[in-house]
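Here, each number is a calculation from the coordinates, and none is a lab measurement. Worth saying up front: this structure is predicted, and the values here are computed from it rather than measured. When we count neighbours, we look across all protein chains shown, and the Cβ atoms used for this are built from the backbone with ideal geometry, even at glycine.
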């Protein structure tokens, strides 16, 4: 499939940083179960109503891909291509202030994806995280609370990347260097080239220090909007992040000090790493956790408390992007209200902004909000 050559109403390709970005139109071709779909949503509240399996979440997934450059379902791109076809295509128009941005993404069944912004390839794909700000509330958000530390590391890293372009670059640098170090350990074992390992350790320590610094900054900046959201949604008590590292970073302040601390930890753990042939220390092994009145929300919070914390995390992220980036993100709410009573649903809605919101529901009466209601059935939306 050949990508269409789109032109913009603006004179140049602008990566918008203006408040109130919203989706003006969406076209899908061979995306999930949709062979073709054209959707022109409202700039405010859009409520997608339909039975389970109708394709409501797939629409949100396509909108989310525009700003996340990945599926919020954490599946590979090939899973988005309709069965029996060669490629899925997402086309959309996004507007805000004086800016209009046209995005087109082709996801082939084989090979690399193609991304165009105003008919041009963006210099860096991470720019799209800032051009089309999106925050998604999903049923799987509870995993951030209930599952492994990897889920919470991903939350902090993802939010940092949405707030500061450099954070995404630093994370990529760390992950690339980590892969190289692990490959060297795996194939070299105790006969590894020490000089190459030394060079990789230095690079890994420098990149790891920057990654941890971004995580710390996010946790600090998120504290106030997180607590506000938690209390409004109905939570009680003090909610805060605790960060336990595998390399003594608690006593280090500043990137240089963090880098030296991690470099020393890598040196100390080298015999163990050579034995098990992988890197056993670093930010990729750290354990951030959310504490409620000093107790682990993962181990000691009730199901209701965990759900409230998960909602507060997403609202807090939304508010932080709004404040730091001076943008109002597009908000995606996938089946969020089915588990909430009327009072708590109203509380969640009170935190919603005047920006564009997409909500999915199987029952119209689950969403106590005014807005345009769309029926999603049989691969169509009306």
(request) Let me have the relative contact order for the chain, percent, based on Cα pairs under 8 Å that are six or more residues apart. (result) 26
(message) Testing the spin-label approximation: label points 7 Å from Cα along Cα→Cβ at residue 98 and residue 169. State their distance in nm.
(response) 2.7
(request) With label points built 7 Å along Cα→Cβ from the Cα atoms of residue 110 and residue 256, find their separation and express it in nm. (result) 5.3
(message) Using the basic label-point model (7 angstrom from Cα toward the beta carbon), what is the residue 242 to residue 75 distance in nanometres?
(response) 3.7
(message) Taking 25 Å as R0, compute the FRET efficiency from the Cβ-Cβ separation of residue 119 and residue 25 and round it to 0.05.
(response) 0.95
(request) Please give the per residue volume of the convex hull enclosing the alpha carbon atoms of region 142-324, rounded to a whole number of Å³. (result) 109
(request) Calculate the tail of P(r) for region 312-364: the fraction of all Cα-Cα distances greater than 19 Å, expressed in %. (result) 26
(request) Based on other C-beta atoms within 10 Å, arrange 132, 94, 89 from fewest to most. (result) 89, 94, 132
(request) Quote the FRET efficiency, to the nearest 0.05, computed for residue 191 versus residue 150 with a Förster distance R0 of 35 Å and r equal to the Cβ-Cβ distance. (result) 0.70
(message) Given a Förster distance of 25 Å, report the FRET efficiency between residue 365 and residue 303 from their Cβ-Cβ distance, rounded to the nearest 0.05.
(response) 0.60
(request) With Cα extents along the principal axes in Å defined as stated, name the option among (1) 65, 53, 43; (2) 61, 43, 40; (3) 63, 52, 39 computed from the structure displayed. (result) (3)
(message) Starting from 0.36 nm per residue, how many nanometres of slack lie between residue 295 and residue 202 once their C-alpha separation is accounted for?
(response) 29.9 nm
